[in-house]
Amino acid sequence: MSAKRFTCGVGARSGCASHTASSGGGSFERSGDPRDSLTVTLFAGVWMCDSAAYFTGLAIGKHKLFPRVSPKKTWEGAIGGGIGAVLVVVALFHWLMPLVPTIHGIAVGIIIAVFGPIGDLAESWLKRDAVVKDSSHLIPGHGGLLDRFDSMLFVAPLVTVYLVLIFARG
């Protein structure tokens, strides 16, 4: 892949946008396939958001976020998770995609911070509605396999739309 053109994608190598370096948006070039860097960054951001939210909520959480759906989630945890997500995504953008402007790392981190927890709450709501504690027993103690990926169901499409809107002009 040349430094002048890249194709970005989330997931199974589906291309979503083309962009030339001369149009001001940067490039995903570093090493390997840029879609791999983006995929790793999204998973790391989502998982950091979940982990930071859990530990922040455990330490200082007082105000319930949506108790009817997920009684242990707090606003303080959500804020801590959001900060963690933005920091990790910006760091990984700098490391894996250094030619992409920092503002895009911040934007992707904010998308994760806002919509990751919404995906988590949506999955919790479905489980509560179905009167099911865990979506599977494949990963004991973690609410099931879907709990590891529920946030990505909301985050990945929105990040893809963001990247198409930003990088497809040119």
Inset, instruction - Return the distance in nm (one decimal) between the two label points of a simple spin-label model at Y54 and D36, each offset 7 Å from Cα along Cα→Cβ. - result: 2.8
Inset, instruction - For the stretch 30-94, with all protein chains present and a 1.4 Å probe, just round the carbon and sulfur fraction of the accessible area to a whole percent. - result: 69
Inset, instruction - Based solely on C-alpha atoms, express the radius of gyration and the Dmax of the stretch 40-117 in angstrom. - result: 13.0, 44
Inset, instruction - Work out, step by step, the length gained on full extension between W125 and I110: first 0.36 nm times the residue separation, then minus their alpha carbon distance; give nm to one decimal. - result: 3.1 nm
Legend entry - Probe 1.4 Å, accessible area per residue of the stretch 40-134, Å²: 55
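The values are calculated or read from the model by the stated rules, or taken from the named source; none is laboratory data. Here the structure is a predicted model, which is why all the values come from computation and not from measurement. Because the Cβ atoms are built from the backbone with ideal geometry, glycine has one as well, and the counts that use them run over all protein chains shown. To get the accessible areas, we keep the full protein, side chains included, count just its heavy atoms, and leave off ligands, DNA and RNA. Shrake-Rupley method; radii C 1.70, N 1.55, O 1.52, S 1.80 Å.
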